[in-house]
1. All but one of (1) over 22 Å from Ser142 (Cβ atoms); (2) crowded, with 18+ Cβ neighbours inside 10 Å hold for Lys49; which doesn't?
2. Count, please, the residues in the range 101-131 that happen to be part of a loop (DSSP other than H, G, I, E, B) and surrounded by 10 or more Cβ atoms within 10 Å (Cβ to Cβ).
3. Taking into account only those residues within the range 1-48 that are within 30 Å of Gln92 (Cα to Cα) and touching a Pro at 6+ places or on another chain (Cβ under 8 Å), which is modelled with the lowest pLDDT?
4. Give the residues of the range 34-92 that are part of a loop (DSSP other than H, G, I, E, B) and among the aromatic types (Phe, Trp, Tyr), sorted by residue number.
5. For the range 17-68, which residues satisfy the criterion of being in contact with an Asp or Glu (Cβ under 6 Å, 6 or more places away or on another chain) and farther than 17 Å from Phe155 by Cβ?
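The values are calculated or read from the model by the stated rules, or taken from the named source; none is laboratory data. Since this is a predicted model, take the numbers as computed values, not measurements. No Cβ is skipped: glycine too gets one built from the backbone with ideal geometry, and neighbour counts run over all protein chains shown.
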Amino acid sequence: MKILKISLIPFFLLTTIGSATAGESEVIWTEPDKYTDVRSGNENRKHFKERIFKNFEKHFAKLSEKLPEGKTLKINVTNVDLAGDVRFSSMQQVRIVKDIYIPRIEFSYELINTDKSIAASGDVDLKDMGFMTSSSSYKSNSVLYYEKRMIDKWFKNTFVPDKID
């Protein structure tokens with residue numbers, strides 16, 4: 001199984017962020033060149049991917065801080081399809097967001113205890129077919145607005161206190 005080109009491994013493979021009183025996260029990007037849609041408009045493709053992956057990693061880290069101390073959330077992302085689609089417009093490429101271009105992310109996860117045992121695990125296929133009509137606390141112009149909202153809902157529904165203690 002190819003994970004990433006060697007030069008990108010240190011940047012993408014594992015991001016562990018946490019604090020002494022919170023859970024931590026690790027994110028692995030499996031075969032990102034095969035993802036459905038992580039394309040930029042006019043931005044350099046490599047830099048766009050790095051920026052998008054970094055944003056996802058920070059978001060998973062922020063959510064993991066809500067986990068009990070000593071828990072680690074391991075995420076293995078296998079597909080990303082960002083909201084919208086990249087189209088040509090006046091000689092340049094732009095991302096057009098319409099309700100027919102839904103956001104989607106596929107990953108597996110493991111919630112690891114301090115003793116390295118697995119507290120919870122599963123395969124996840126998130127998609128939000130009503131993404132343009134849902135309300136949220138995020139600013140609609142923030143990076144990964146629709147995707148973060150989808151992940152937040154999954155996290156809240158999956159890791160309620162009685163399932164993670």
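1. (1)
2. The initial filter retains those residues of the range 101-131 that are part of a loop (DSSP other than H, G, I, E, B), namely 101-103, 113-117, 128-131.
So of that shortlist, the ones also surrounded by 10 or more Cβ atoms within 10 Å (Cβ to Cβ) come out as 101-103, 113-114, 128-129, 131.
Residues meeting the conditions: 8.
3. Taking the range 1-48 as the starting set, the residues that turn out to be within 30 Å of Gln92 (Cα to Cα) are 4-5, 7-8, 11-12, 29-48.
Right, trim to touching a Pro at 6+ places or on another chain (Cβ under 8 Å) and you get 4, 12, 38.
Working: Leu4: 45, Phe12: 38, Val38: 84.
Per the stated criteria, the residue is Phe12.
4. Hit for the range 34-92 is Tyr35, nothing else.
5. Of the range 17-68, the ones in contact with an Asp or Glu (Cβ under 6 Å, 6 or more places away or on another chain) are 18, 21-22, 27, 36-37, 64.
Of everything in the range 17-68, those that are in contact with an Asp or Glu (Cβ under 6 Å, 6 or more places away or on another chain) and farther than 17 Å from Phe155 by Cβ turn out to be Thr21, Thr36, Asp37.
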